[in-house]
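Notes follow the structure.
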Amino acid sequence: MNADTTATILSLFLIFCRVGACLMLLPGYSSSRIPVQVRLFVAVAASMVIAPGIMPDLKAIMLGAGDDLRLQYVVTELLNGMLIGLLGRFFMLALQFSGTFVANAIGMGQAFGVSIDDQEPAIASLITLTATVMIFTLNLHAEVLRALVASYGAMPVAAGFGPRASLVSLTDNLDETFTLCLRIASPFVIYAVIVNFAIGLMNKMTPQIPVYFISMPFVIAGGMVLLGFAVGDFLRIFVGTFQTWVFNG
């Protein structure tokens, strides 16, 4: 192969490194329930879709780079893609943590369901699965590809991987997702405090009666009513924050 063909193939491979590493961690795309071959074909197809707008600049870089520098670009592109995917993954982890807390707060923590990735309570499975469906329904998975194209302006291939800037981005993202987790789970924090205080007080006043077991159906019923009222805002806040990150992150 001549130098031009080699540079073209390496440029395509660099695009695949960033896109594939990102999709490996993003919510929805990274689910273990999707076969590995399907995820691979999606990553290849996404790389081919965004390649025409990025290829000229990458090809010029590859033509002037030696073998050691090309290998360095491969490693840094994998790290850049994993960084972008991890930033999106934090949102789903925050939602999963909130869903698990909600399940425990309303007494459904031991009722396990079929989850997308890991074993988790049925309430958390319902919330995370619904949020994933909303991400795809609102076409945010396609907006992620636009964000990947825009990432070449913020994180150019020639600049490599910036550990300090990446750590700052991860820290800011963790701060945002932790705040999101508190916002969407706050009604259930208050519910759990009030209910457990009331049960503990009744148990102290009447120790001869198993108040905990008697009150459990009422705790679950009240929690399900609260979940029915709050789940719409719960998911709306999450999807809105995730959408803001996709558009502006």
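The values are calculated or read from the model by the stated rules, or taken from the named source; none is laboratory data. Treat the numbers as computed from the prediction; the structure is a model and nothing was measured. Reconstructed Cβ throughout: ideal geometry from the backbone, glycine too, with neighbour counts over all protein chains shown.
Just one of the numbered conditions (1) at pLDDT 85 or above; (2) within 21 Å of the chain's Cα centre (by Cα); (3) buried (at least 22 other Cβ atoms within 10 Å of the Cβ) is not true of Phe90: (3). Restricting attention to region 1-60, the residues that are surrounded by fewer than 17 Cβ atoms within 10 Å (Cβ to Cβ) and among the β-branched types (Val, Ile, Thr) add up to 9.
Taking region 156-198 as the range and being farther than 30 Å from Gly53 by Cα and hydroxyl-bearing (Ser, Thr, Tyr) as the test, the residues that pass are Thr171, Thr177, Thr179, Ser186, Tyr191.
Out of the residues in region 201-249 that are surrounded by 14 or more Cβ atoms within 10 Å (Cβ to Cβ), without any contact (Cβ under 8 Å) to a residue 40 or more places away in the chain and of a type in the set (A, V, I, L, M, F, W, C), which is farthest from Met92 (Cα to Cα)? Of everything passing the filter in region 201-249, Met202 is farthest from Met92 (Cα to Cα). Within region 137-155, residues that are closer than 15 Å to Gly53 by Cβ have Cβ atoms under 9 Å from residues that are of a type in the set (S, T, N, Q) in these pairs: Ser151/Asn80, counting only partners at least 6 apart in sequence or on another chain. In region 177-194, of all residues being in contact (Cβ under 8 Å) with a residue 40 or more places away in the chain and surrounded by fewer than 17 Cβ atoms within 10 Å (Cβ to Cβ), the one that is nearest to Met224 (Cα to Cα) corresponds to Val189. Looking only at region 167-176, residues that are closer than 29 Å to Gly228 by Cα and out of contact with any helix residue (DSSP H, G or I) (no Cβ under 7 Å at 6 or more places or on another chain) come to 2 in all. Please list, ordered by first then second residue, the pairs with beta carbon atoms under 7 Å, 6 or more apart or interchain, first in region 66-79 and basic (Lys, Arg), second surrounded by 14 or more Cβ atoms within 10 Å (Cβ to Cβ). Here the result reads Arg70/Leu10; Arg70/Met62, each pair linking region 66-79 to a residue that is surrounded by 14 or more Cβ atoms within 10 Å (Cβ to Cβ).
When we screen Leu95, Leu71, Leu78 for residues that are of a type outside the set (S, T, N, Q), in a helix (DSSP H, G or I) and within 18 Å of Asp175 (Cβ to Cβ), the only hit is Leu95.
Taking the listed residues Arg33, Arg18, the one that is in contact with an Asp or Glu (Cβ under 9 Å, 6 or more places away or on another chain) and outside any helix (DSSP H, G or I) is Arg33, with no other qualifying. Listed by first and then second residue, the pairs with beta-carbon distance under 6 Å, at least 6 apart or on different chains, first residue in region 24-45 and modelled with pLDDT of 85 or more, second not in a helix (DSSP H, G or I), are Met24/Ser30.
Out of Leu170, Leu226, report the one residue that is at pLDDT 85 or above and either within 20 Å of the chain's Cα centre (by Cα) or assigned to a loop (DSSP other than H, G, I, E, B) (or both). Result: Leu170 is the single residue among Leu170, Leu226 that is at pLDDT 85 or above and either within 20 Å of the chain's Cα centre (by Cα) or assigned to a loop (DSSP other than H, G, I, E, B) (or both).
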